[in-house]
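One structure is given here, and the rest of the page talks about it.
Since every read-out is calculated from the coordinates, none of them should be taken as a lab result. Note that the coordinates shown come from a computational prediction; the quantities given were computed from them, not determined experimentally. Counting neighbours? That spans all protein chains shown, and the Cβs are built from the backbone with ideal geometry, glycine included.
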Amino acid sequence: MNNRITQNMISSQLLRNLNTNLNRMSTYQDQMATSRKINKPSDDPVGLSYAMRYRSDLTANDQYQQNVDSANSWLDFTDTMMGQANDVLQRIRELTVQAAQGSNPDTAMQSIKSELLQLTDQLVTVGNSQFNGKYVFNGQMTDVAPYNKQVTQVQPSISVGGTVDVSTANVTNANNKLSLRIDNGQELNIQLPPTDYSVSGGAAQFATDLQNAINAAASSLSPASSASVTVGPANELVITSSNGGPGGRIEITGGTMAYQWLSKSRDMSDLVQTPNTQAPTTVTKMSAQFSNSDTKDINFEIATGIKMPVNITGDKIFGKSTDSDNVFRVMNELVNSIDRSDYSGVSDLLGKLDSRINKGLEVRAELGAKSNRVQLSADRLSDISTNLQALQSKTEDADMAELITNLKTAENVYNASLSVGSKVISPTLVDFLR
C-alpha cells in the first residue's frame, strides 16, 4: 500500500531539517564567540564535571600561591629585622669590650653608657617591628606590642631649709619602697611613713627613722649578709656590712625603673647637693618580664592540609624572661656594672652577649630553611597551576581550526537546505489552475 505524501508533510519536514541545520550552525557560532566547546551543561555533561573540578582546584591553588607569597614577604621582613638586631648586638659587644678596660676615663664610660641606652631603645624598636600593621615578634598577638620600656623623670626639689618629701611616687613600683642592696646582692625593702622632714631642723629625726627601718628589714637576712645602719655625729647614715666594712648602695627600685646613687655613706648635705646637681633626671630600666609577649606560631596553609609556621617569636631572638642571657637583662646588668665601675662584671657579660648572638644566628639559619621551603612550595604550586590550566584547556577550549571547518560545513548545509526547500515548496495555487 502506497502512503500518501501531502504538501503539508513536505513543508513540515523541510522546516524541521532547516531548524536542525540552523541550530547546529548556531552552536558552532557560540563556540566561535567564546572559544569554548562547553557553553552549557548539555554540550558535554561529563566534560563539564571535569571542567568544574579543574576550576575548583585552580582557585584553591591560586589561594595557596597567595599564601606562599605572603609567607615569603613575612620571612623576608623578619630576616631583615633579625639582621638589624644582630648588628645592634654586635655593636653592644664592641662597647662592652671597650667598657671592660679599666683605663677608660669617666667621660668615655659615660659616652659608652649613653650609646648602650640608645642601642637598648633600638632593640625595643626592632622587637616591636610591624609588617602590614602586625607585630611580627609577638606570636599570634599581632595587635599588641611585645616589648615596652617605661621612662620617668625624677625632679628633685631638695634645698637647705626646705623639706624632704621621701616618696617614690614617680617610680613604677607596686609597693613604693626604698631598697637597700647589700654586698652579696641581696636586697632590703624599707618602707618609711609618708612624712615630710625638714632638712634644717629634722635631719636627725629623718636619719633615725631611716636607720630603724633599715635595721628592722636587715633582721630578716642571713647572718652572712646582714648589715647595720647607724647615725653619725653629722646626722649621716653609715651602712656597715657583716664583714665590718662600709659598703653597699641605696636605690629606689621598681618593676621597670631605678634611680640610684652608689656610696659607702651619705650624710644629709649629700641628700641636698647630689640629687639637685642631677635634676631633672630621666631614669629607665628595662624589665626582663614581658607580660604582653606570645609564643604561638602563625601558620600559613601552603597546600591541602599542610600548614607551615612562618613567624619567629621574640623569646628566640631576645631571650625568655627567665634566661640569664636575656638581652634586656644583660643590658641592665651592663649599665649597672658601668655605673659601679665594675670592670670584671662588664667583662663577665661578654659570654652572655656571645650566647645571645649565637642563638640569634641559629634562629636566622632556621629562618633561611623556612624561606627555602617556601620557595620550593612556590615552584611546586606554579607547576601545578600550569598542569591544571592545560587540563582545563583540553576540556573546555575549542579547537579553532576544527571549529571553523565545522562552521563552514554547517553554513553550506544550511544554504543547500534552503535552496532545496525553495524548489520543493515553490508550487502555488496558480500552478494547480493551469
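Points worth noting:
- Backbone amide hydrogens, once placed in the peptide plane, bring Phe300 within less than 5 Å of Met308, Val310, excluding anything fewer than 5 places away on its chain.
- Karplus-derived 3J(HN,Hα), 6.51/-1.76/1.60, for each residue of segment 339-352, Hz, glycine and proline x: 4, 8, 6, 8, 5, 5, x, 4, 5, 5, 6, 4, x, 5
- In terms of other Cβ atoms within 10 Å, Phe328, Phe137, Phe131 run from fewest to most in the order Phe131, Phe328, Phe137.
- Kirkwood Rh and Cα Rg combined as Rg/Rh, segment 1-110: 1.73
- Over 25 Å (Cα to Cα) - which of Lys113/Lys296; Lys40/Lys394; Lys316/Lys352 fall in this group: Lys113/Lys296
- The Cα-based radius of gyration of segment 371-412, divided by its Kirkwood radius, gives an Rg/Rh of 1.43.
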